[in-house]
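Below is one structure; the comments refer to it alone.
The values are calculated or read from the model by the stated rules, or taken from the named source; none is laboratory data. Predicted model only: the values in this text are computed from it and were never measured. All Cβ positions, glycine included, derive from the backbone under ideal geometry; neighbour counts span all protein chains shown. To get the accessible areas, we keep the full protein, side chains included, count just its heavy atoms, and leave off ligands, DNA and RNA. Shrake-Rupley method; radii C 1.70, N 1.55, O 1.52, S 1.80 Å.
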Amino acid sequence: MTEERFEVLDALRGFAAIGVLFFHISIVGAPQLAPHGYLAVDFFFMLSGFVLSHSYAMRLQSRRLTVAKFLQIRMKRLLPLSLLGLLLGTGYFLLRLVLQKHSQYALSDILGGTAFNAALGKSGSHRHDISHQHPNVVVVI
């Protein structure tokens, strides 16, 4: 069985991601290219929800794919880019702190934000066994 691809939806997701990037690029002093780019986040997640549910729903329902394995697949895909973003963002704000005489953010703000975002990424490592209630479900928070 071959996976059905939604090339148009994939392209729209790509455009939405670029819109969010253009919205955030003004942080580094570039002109605001997409003043309402934050709306593309909702659009991206809506499209992604459809694509992911179409891709995984049957395998999850038929139990060919466990919830734990699904979450593992998603984490392997999302964590590397999340960690890269965390490192780049932290590096940028630390560099800005060093180079600017009066930075908008204190070192404690930068380190606190980094720790908070890193903790969000690590939250997937806490497993909660609810097998006594639902034998085929493992909740990862």
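Compute the length gained on full extension between VAL67 and LEU81: take 0.36 nm times their separation in residues and subtract their Cα-Cα distance, giving the result in nm to one decimal.
2.8 nm
Kindly provide the GluC sites (Glu not before Pro) of the stretch 3-57 that DSSP labels as loop, not H, G, I, E or B, and whose Cβ sees at most 12 other Cβ atoms within 10 Å.
Those satisfying the criteria are GLU3, GLU4.
So how do MET58, MET75 rank on accessible area, 1.4 Å probe, biggest first, that is with the largest at the start?
MET58, MET75
Would you kindly find the accessible area of THR90, with a 1.4 Å probe and non-protein molecules such as ligands, DNA and RNA excluded, rounding to the nearest 10 Å²?
Here the residue's solvent-accessible area equals roughly 20 Å².
Keeping all protein chains in position, work out how much accessible area TYR105 exposes to a 1.4 Å probe, and write it in Å² to the nearest 10.
Near enough 80 Å² of accessible area.
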